[in-house]
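Structure, as structure tokens:
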Amino acid sequence: MPDSPEPRETPAPGPVAGCQFCALGEIETPLTETPSFYAAGDHAPLLGGHILIIPKAHYACYGALPPTLDNEFLALKETIRRFLSEVYRAPTFFEHGVFRQTVYHAHLHAMPFGTASMELEAMATGSGGRPLRSLDDLRAWYTTRGNYFTLETPGDPANGVASQAAIFPPEMGVYGRALTTIRQLTNAREGWAPPPLRYAARGPKLRALAQAWQVWRAQGE
């Protein structure tokens with residue numbers, strides 16, 4: 001009986017014309033890259049230190065990321081978490097997950113709001129979502145239920161509040177509550193501004209981010 005063929009890895013999706021995240025050379029403030037990902041400053045930062053983690057291949061969202069890339073992605077995410085925690089503040093992570101995106105290419109926001117005590121898991125469960133424990137949870141949701149958005153907060157370790165992460169259904173009610181929380185966290189740090197104003201004022205924040213990253217890397221992370 002012939003041996004069963006080895007399973008083949010699905011090829012990564014190719015670049016999409018007109019996608020600004022597929023064109024790495026056009027990214028305004030690239031910070032670092034790995035074979036399959038890169039991190040860059042957000043072009044309209046909510047606050048100083050706002051970073052995006054983006055796969056080089058055109059995946060629709062992180063729920064579509066193949067398991068073979070998990071370790072590489074998680075290592076980069078941890079690097080970004082350490083940088084922001086040491087230089088800015090502990091980050092909150094947010095992903096649109098093909099829901100109200102402005103760029104239809106997977107990207108994870110890392111926003112250094114600092115300690116944030118939110119009952120994310122309860123909020124998600126009450127709205128038809130669920131706690132997020134792993135990328136396998138995200139893939140399972142995307143495969144069976146489709147679109148989503150995610151939120152992950154660092155908690156408040158000094159006061160015994162653990163970090164939380166959750167997957168939410170693509171519904172405007174709960175999405176609005178999540179955005180209200182992000183707006184409140186932004187207001188507490190630098191004040192909320194609409195995207196056009198953030199884009200117009202991006203220069204000093206992006207230059208400071210790039211310089212801080214270079215210094216941090218030169219110090220051996």
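With contacts taken as Cα pairs under 8 Å at a separation of at least 6 residues, the stretch 34-206 carries a relative contact order of 26 percent. The charge dipole of the stretch 59-191, taken about its Cα centre with unit charges on the Cβ atoms of Lys, Arg (+1), Asp and Glu (-1) only, comes to about 240 debye. Among Y62, G155, A193, whose Cα projects farthest towards the positive end of the dipole of the chain, with charges put on the beta-carbon of Lys, Arg (+1) and Asp, Glu (-1)? Working it through, the farthest residue towards the positive pole turns out to be A193. Shown for the chain: cysteine residues without a partner Cβ closer than 4.7 Å, namely C61. With each label modelled as a point 7 angstrom along the Cα→C-beta vector, the Y199-V103 pair spans 1.2 nm. Here's how it looks for V161: its modeled amide H is under 5 Å from those of D156, which are all 5 or more places away or on a different chain.
Couplings 3J(HN,Hα) for the stretch 44-57, derived from phi with the Karplus relation 6.51 cos²θ - 1.76 cosθ + 1.60 (θ = phi - 60°), are 9, x, 5, 7, x, x, 5, 10, 10, 10, 10, x, 5, 6 Hz, where x marks Gly and Pro. Near W192, the amide H atoms lying under 5 Å from its own belong to N187; only residues 5 or more places off or on other chains count, and H is placed 1.01 Å from N.
Counting neighbouring Cβ atoms within 10 Å and putting the fewest first, the residues M118, M172 line up as M172, M118.
Projecting label points 7 angstrom from Cα along Cα→Cβ for A188 and A122 puts them 1.7 nm apart. Expressed to the nearest 5 percent, the antiparallel share of DSSP beta bridges inside the stretch 34-206 is 100 percent. Read through the labelled values (1) 29; (2) 33; (3) 42 and report the label of the one computed as percent of Cα pairs over 28 Å apart from the structure. Evaluating percent of Cα pairs over 28 Å apart on these atoms matches (1). What residue among T29, T92, T144 shows peak mean-square fluctuation when the chain is described by a Gaussian network model with Cα springs under 10 Å? Of T29, T92, T144, the Gaussian network model singles out T144 as fluctuating most. Comparing F94, F113, F37 in a Gaussian network model of the chain (Cα springs below 10 Å), the most mobile by mean-square fluctuation is F37.
Taken together, the values in this text are just the output of simple stated rules run on the coordinates, not laboratory data. Because the structure is predicted, anything quoted here is derived from the model rather than measured. Heads up, the Cβs are rebuilt from the backbone with ideal geometry, glycines too, and the neighbour counts pull from every protein chain shown.
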